[in-house]
Amino acid sequence: MLESSAPAVSLRDLFPARQAATDPLEVRVVSERLRRRTRRRLLLREVRFDSHEWQQGTVRIAAFVAVPLGLGPVPAMVVGAGDLKRAADFAARHQIGCLCFDRPGTGASTGPADEYANWIHFDHPREGWMWHYVYAALRALTYLQSLPEVDPTRLGITGYSRGGTMAYIANGVDPRICVSVPQASAGGILGAVDVGGWAASLHRDAAGRPYVPEAFYEFARYYDPALYADMQNGLVMPIIGAQDEFFPLETVAGTVRAMSPRCRLELIANWDHAYFAGGNADVDAFDNRRAFRTRTRRWLAAATRCLREGGNTIPPMPVLQVDERGQELHWEITAAHHEDMVRGRLWYSTDGAYTFAATRAVRCAAGFVTRLRLSRDVAAGLAAFAEVEYRQGPLISSLPYLGPAFCQRLRPFPEQ
């Protein structure tokens, strides 16, 4: 397994969260208006604020804010990318405040360019692009706390892919966060390379062979979400495709296990990272976009309900247990609050988690049961996870089960 040495800078000292919460923001309002959405007025505002100083000057962040009015101080969530429309849609749908922002070096935000070379090449970890991104998110929390329309004690954060990594790290370093929803991201990034994750193919030598540069190890010393597992402040609710090419199933399982019991998971079967979706049949995203959108909205609705109600309203993750009986595997899915469960399913893969099929589970006293009839060899390489749906609530996944001979099968990296 690839290994990374201990960081030279303490992770607890890497992000000065207290400074992020107290330094002046120097806010400039670019535009402001009221708009009626779903029978309620929204305050819509575009602003610029200071994030921090770096070698080329002050990093100024462009942020887009939407807050529903007439509800008193409302909870709010930082979204790691997006514009004013996205903020307005989020605020109207979930009835909480929303701040989307241009990542450092993108859109109207200043700072180092959002380029892969800037992620992994730095002389000091506070010069890496991911540091700028996380710190900008912490400053976005500070801006939300300054608004009289926002409850400063009920704040959340979310982001997709690198935004998911940002959400993990931010939740690990800032105690102001109550709920974090990392999307399409996980820890164990060096382990992901070991099992063929696409990060292993981002670098090629002169002969065109993939390799992992030393700079990648340095990045992993500071910005692997797994490093922040025991530092998580708020409830962490990752949602990720079961076939994510950058974060294979083994690394997802390890991340969730490390962050338990503060973690709730939703795996989306037959969904991948979706970044390379396009005309290439070898790497095109699984045709499950509708499920992805529906599941994500529902998962975010559960997270924002936690913020509105001021506590963890998400049941614990179900537990999946298997008992081998001859040629049959008997599965038991146990879960808390089983009286509120609507249905349970077992998703399973016999081809290295390349594709998943589902079987409906039957209700029992403690949850659900189901069975699969498989040969011993096939069962040894099985991947499976349970999914429980609650009445008026989210679908919650169990930790994945990986058989003793499981070997991840990932689609080939798209050759350029």
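May I ask you to list the residues in the range 254-263 that are touching a residue at least 40 places away in the same chain (Cβ under 8 Å) and either part of a strand (DSSP E or B) or in contact with a Phe, Trp or Tyr (Cβ under 9 Å, 6 or more places away or on another chain) (or both)?
Once the filter is applied, which keeps residues that are touching a residue at least 40 places away in the same chain (Cβ under 8 Å) and either part of a strand (DSSP E or B) or in contact with a Phe, Trp or Tyr (Cβ under 9 Å, 6 or more places away or on another chain) (or both), the range 254-263 yields THR255, CYS263.
So which residues in the range 343-397 are outside any strand (DSSP E or B), at pLDDT below 95 and of a type in the set (Phe, Trp, Tyr), if there are any at all?
Selection gives TYR354 alone.
Name the pairs: first residue in the range 233-252 and closer than 13 Å to ALA353 by Cα, second residue among the charged types (D, E, K, R) and buried (at least 24 other Cβ atoms within 10 Å of the Cβ), Cβ to Cβ under 8 Å, at least 6 apart or on different chains?
GLY241/ASP272; GLN243/ASP272; ASP244/ASP272; GLU245/ASP272; VAL252/ASP244
Which is exposed (fewer than 11 other Cβ atoms within 10 Å of the Cβ), in contact (Cβ under 8 Å) with a residue 40 or more places away in the chain and among the polar types (S, T, N, Q), of THR58, THR38?
THR38
Looking at (1) out of contact with any Ser or Thr (no Cβ under 7 Å at 6 or more places or on another chain); (2) over 27 Å from ALA253 (Cα atoms); (3) assigned to a helix (DSSP H, G or I), which one does ARG139 not meet, given that it meets all the others?
(1)
When LEU99 is evaluated against the numbered criteria (1) modelled with pLDDT under 95; (2) outside any loop (DSSP other than H, G, I, E, B); (3) not hydroxyl-bearing (Ser, Thr, Tyr), which criterion, by number, is the only one it fails?
Failed condition: (1).
Between a residue in the range 73-87 that is under 16 Å from LEU141 (Cβ atoms) and in the same structural domain as CYS100 (by TED's automatic domain parsing) and any residue that is in a strand (DSSP E or B) and basic (Lys, Arg), which pairs come within a Cβ distance under 6 Å, given they are 6 or more apart or on different chains?
Sorted first by the residue in the range 73-87, then by its partner, the pairs are PRO75/ARG154.
With surrounded by fewer than 19 Cβ atoms within 10 Å (Cβ to Cβ), closer than 30 Å to CYS178 by Cβ, of a type outside the set (Lys, Arg) and touching a strand residue (DSSP E or B) at 6+ places or on another chain (Cβ under 7 Å) as the only criterion, which of GLU389, GLU328, GLU309 stands out?
Residue meeting the stated conditions: GLU389.
Taking the stated definitions as given, is SER146 hydroxyl-bearing (Ser, Thr, Tyr) and over 28 Å from ARG293 (Cβ atoms)?
Yes, satisfied.
ALA192 fails exactly one of the following numbered conditions: (1) small (Gly, Ala, Ser); (2) buried (at least 24 other Cβ atoms within 10 Å of the Cβ); (3) within 21 Å of GLY80 (Cα to Cα). What is the number of that condition?
(3)
Limited to the range 12-57, what total is found for residues that are assigned to a loop (DSSP other than H, G, I, E, B) and either more than 26 Å from ASP224 (Cα to Cα) or among the basic types (Lys, Arg) (or both)?
So the count comes out to 8.
Suppose we keep only residues that are assigned to a strand (DSSP E or B) and more than 19 Å from GLY241 (Cβ to Cβ) within the range 153-170. Which one would you say is farthest from the chain's Cα centre (by Cα)?
Within the range 153-170, the match that is farthest from the chain's Cα centre (by Cα) is THR153.
On the basis of being out of contact with any Leu (no Cβ under 6 Å at 6 or more places or on another chain), at negative phi and buried (at least 24 other Cβ atoms within 10 Å of the Cβ), does ALA76 make the cut?
Considered against the rule, which asks whether it is out of contact with any Leu (no Cβ under 6 Å at 6 or more places or on another chain), at negative phi and buried (at least 24 other Cβ atoms within 10 Å of the Cβ), ALA76 comes out as no.
Residues in the range 336-355: is at least one over 26 Å from the mean Cα position of the chain (by Cα), surrounded by fewer than 19 Cβ atoms within 10 Å (Cβ to Cβ) and free of Cβ contacts under 8 Å to residues at least 12 places away in the same chain?
yes
Given the conditions (1) more than 23 Å from THR255 (Cβ to Cβ); (2) surrounded by fewer than 18 Cβ atoms within 10 Å (Cβ to Cβ); (3) of a type outside the set (Ser, Thr, Tyr), which single one is not true for PRO404?
In the conditions (1) more than 23 Å from THR255 (Cβ to Cβ); (2) surrounded by fewer than 18 Cβ atoms within 10 Å (Cβ to Cβ); (3) of a type outside the set (Ser, Thr, Tyr), PRO404 misses (1) alone.
Filter the range 201-232 down to residues that are in a helix (DSSP H, G or I) and free of Cβ contacts under 8 Å to residues at least 60 places away in the same chain, then give me how many there are.
Number of matching residues: 4.
For the condition among the hydrophobic types (A, V, I, L, M, F, W, C) and surrounded by fewer than 18 Cβ atoms within 10 Å (Cβ to Cβ), what is the one hit in ALA88, ALA108, ALA137, ALA184?
Exactly one residue qualifies, and that residue is ALA108.
Quick one: count up the residues across the range 357-386 that are of a type in the set (Lys, Arg) and either surrounded by 20 or more Cβ atoms within 10 Å (Cβ to Cβ) or closer than 19 Å to VAL181 by Cβ (or both).
Qualifying residue count, the range 357-386: 0.
Working only within the range 234-253, note down all residues that are touching a Leu at 6+ places or on another chain (Cβ under 8 Å), of a type in the set (Asp, Glu) and part of a loop (DSSP other than H, G, I, E, B).
Within the range 234-253, just GLU245 meets the criteria.
Just wondering, is there one or more residues in the range 171-184 that are outside any strand (DSSP E or B) and under 19 Å from GLY197 (Cβ atoms)?
Yes - at least one qualifying residue is present in the range 171-184.
The values are calculated or read from the model by the stated rules, or taken from the named source; none is laboratory data. Quantities reported herein were computed from a predicted structural model and do not represent experimental measurements. No Cβ is skipped: glycine too gets one built from the backbone with ideal geometry, and neighbour counts run over all protein chains shown.
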